[in-house]
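This report refers to the structure that appears directly beneath it.
The values are calculated or read from the model by the stated rules, or taken from the named source; none is laboratory data. All figures in this text were calculated on a predicted structure; none of them were measured in a lab. Positions of Cβ are generated from backbone atoms using ideal geometry, with glycine treated the same way; all protein chains shown enter the neighbour counts.
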Ligand code: DSN
């Protein structure tokens, strides 16, 4: 980055600091990952300069020979890897992709049915905070008391509400999504089944998690989570989707451009193509399996240390922990964990008794640390540091009034964390782990 260094030292320094932060901490936010240097080079290339509104061979600008080939390559790689009949690789990210998918198959006011955000769904699955509930009627389902999706209850709700689309997708659900059951429910009411596989796309193509391709009509996914590509998204249309509506592929393309987007980010699309090539290698299969092995090992170690895991464990890359038995709120533990070098996020848990800005849980995952080469035995170190920290910070909840979130409360929490004696020793252990597994970014 010699040009950046010379021209804009401020931004250069901040990027360098961020690189160091990523090197010296554990990336355990389950939706993050470490894209390869090859992906980063494609994204940072001069493709950035090109306008390419439209689709390959149907653009509104000249000079498209190279970008047409790039987009075609990305599309073909996506079709082959996910085994779908159509792929649109232009969505800017996951939220636009979901809106574009709805817009392709729904009219304003039609009903969508998705998992509630507070039970592990996504904003765009019809949350009241999202415009998806403004333009469409939204029905939200929740989890059963055991932390699993209750498919019988879903069937009951679907029969009563008759949604036009059922969304099967999650951001904080650790278990396998039973695609066949979702499909049977959608079929029973004549709905589309939209599978949002953003979190698990890499696990699916790596053969470590079941694929929805034989059950869904339309699939959306981001490309930067377990798939380990650049920040972007795709909309995939399956054979079943075309059987339901022969024009579905055309409708998806039209919805993305010109209805909701302008010029595609060709640099990102090139990065997606690179990531898809990486994900087709045998080594990616090993990687995907190891993500889940690590998550399971971490779940086992945390359970031994009396952490209360939603649904009792995980089948995927993520864990959701209810901290109420530990007498600590999600914010305090997440902030404390960051201070020792474990970067995760606070999260609501099903049936949370706390307000969303002070949720009772944290969510963490293994894609990022598995990219560095960590394995099952390293999860023991992570679990023991988490447990020691959580014990040391317990009871801080008592000193905090949970009625509102403000700067003063954050500062108060920081003061408590800064005073916690055990933190330097735990930070050292995590730093050692980081040094043992340097960031390589070549897969
Ligand atoms: N923000 C993503 C996540 O963290 O799960 C979902 O969009």
Selection count where residues are over 15 Å from residue 275 (Cβ atoms) and in a loop (DSSP other than H, G, I, E, B), scope region 92-116: 7
Residue list for region 358-374, restricted to those being more than 15 Å from the ligand (Cβ to nearest atom) and in contact with a strand residue (DSSP E or B) (Cβ under 9 Å, 6 or more places away or on another chain): 358, 360, 369, 371, 372, 374
Residues within region 121-161 that are closer than 15 Å to residue 310 by Cβ, part of a loop (DSSP other than H, G, I, E, B) and touching a helix residue (DSSP H, G or I) at 6+ places or on another chain (Cβ under 8 Å), tallied: 5
Of all residues in region 338-347 being away from the ligand (no atom under 14 Å from the Cβ) and outside any helix (DSSP H, G or I), the one that is farthest from residue 319 (Cα to Cα): 341
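Conditions (1) modelled with pLDDT of 95 or more; (2) closer than 20 Å to residue 268 by Cβ; (3) within 16 Å of the ligand (Cβ to nearest atom), marked per residue:
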{"position": "8", "(1), (2), (3)": "yes, no, no"}
{"position": "13", "(1), (2), (3)": "yes, no, no"}
{"position": "30", "(1), (2), (3)": "yes, no, yes"}
{"position": "33", "(1), (2), (3)": "yes, yes, yes"}
{"position": "79", "(1), (2), (3)": "yes, yes, no"}
{"position": "97", "(1), (2), (3)": "yes, yes, yes"}
Pair list, Cβ under 7 Å, 6 or more apart: region 63-74 residue closer than 13 Å to residue 273 by Cβ, other residue not in a helix (DSSP H, G or I): 67/50; 67/52; 68/56; 68/57; 71/56; 71/89; 72/56; 74/89
Qualifying helices (runs of 4 or more DSSP H) (wholly inside region 1-56; at least 1 residues being free of Cβ contacts under 8 Å to residues at least 24 places away in the same chain and crowded, with 16+ Cβ neighbours inside 10 Å): 9-24
Every residue from region 2-32 that is in contact with a helix residue (DSSP H, G or I) (Cβ under 6 Å, 6 or more places away or on another chain) and over 19 Å from residue 336 (Cα atoms): 4, 5, 12, 32
So residue 115, is it buried (at least 24 other Cβ atoms within 10 Å of the Cβ), within 15 Å of the ligand (Cβ to nearest atom) and modelled with pLDDT of 95 or more: yes
Residue tally, condition over 24 Å from residue 198 (Cβ atoms) and assigned to a helix (DSSP H, G or I), over region 302-311: 3
Tally, over region 415-443, of residues that are loosely packed, with under 14 Cβ neighbours inside 10 Å and either modelled with pLDDT under 85 or part of a helix (DSSP H, G or I) (or both): 9
Flag for residue 200 being at pLDDT 95 or above and more than 16 Å from the ligand (Cβ to nearest atom): no
Long-range neighbours under 6 Å by Cβ, at least six apart or interchain, first residue under 19 Å from residue 156 (Cβ atoms) and at pLDDT 95 or above within region 170-182, second away from the ligand (no atom under 16 Å from the Cβ) and assigned to a loop (DSSP other than H, G, I, E, B): 180/215
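Conditions (1) modelled with pLDDT of 95 or more; (2) in a helix (DSSP H, G or I), marked per residue:
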site	(1), (2)
319	yes, no
331	no, yes
349	yes, no
353	no, no
362	yes, no
383	yes, yes
392	no, yes
403	no, no
